[in-house]
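The values are calculated or read from the model by the stated rules, or taken from the named source; none is laboratory data. Since this is a predicted model, take the numbers as computed values, not measurements. Counting neighbours? That spans all protein chains shown, and the Cβs are built from the backbone with ideal geometry, glycine included.
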């Protein structure tokens, strides 16, 4: 059975600070602007998701502690 997949691409014009682009490219080694922008957006999403999760710490008082898996160090 074949899966149907629809890909959407959005083209837009951006005014980017060339100094920021060069610094980010130098730090990451990513030379293509599109790839650099994708990596930056992914990093921003990961950071903000982690921040939001940390902000939730201790806010749900009715939850029971979750049992953690322990690695066998023997």
Taking residue 58 as meeting all but one of (1) at negative phi; (2) not in a helix (DSSP H, G or I), write down the number of the exception. (1)
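Considering only residues that are in a helix (DSSP H, G or I) and touching a residue at least 12 places away in the same chain (Cβ under 8 Å), look in region 8-36 and name the one that is nearest to the chain's Cα centre (by Cα). Before you say what the answer is, go through the steps one by one.
If we filter region 8-36 for residues that are in a helix (DSSP H, G or I), which is where we start, we get 18-28, 33-36.
Right, trim to touching a residue at least 12 places away in the same chain (Cβ under 8 Å) and you get 21, 24, 33, 36.
Numbers: 21: 18, 24: 16, 33: 17, 36: 13 Å.
Out of the qualifying residues, it is 36.
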State yes or no: is residue 48 out of contact with any strand residue (DSSP E or B) (no Cβ under 9 Å at 6 or more places or on another chain), surrounded by 10 or more Cβ atoms within 10 Å (Cβ to Cβ), at pLDDT 90 or above and assigned to a helix (DSSP H, G or I)? yes
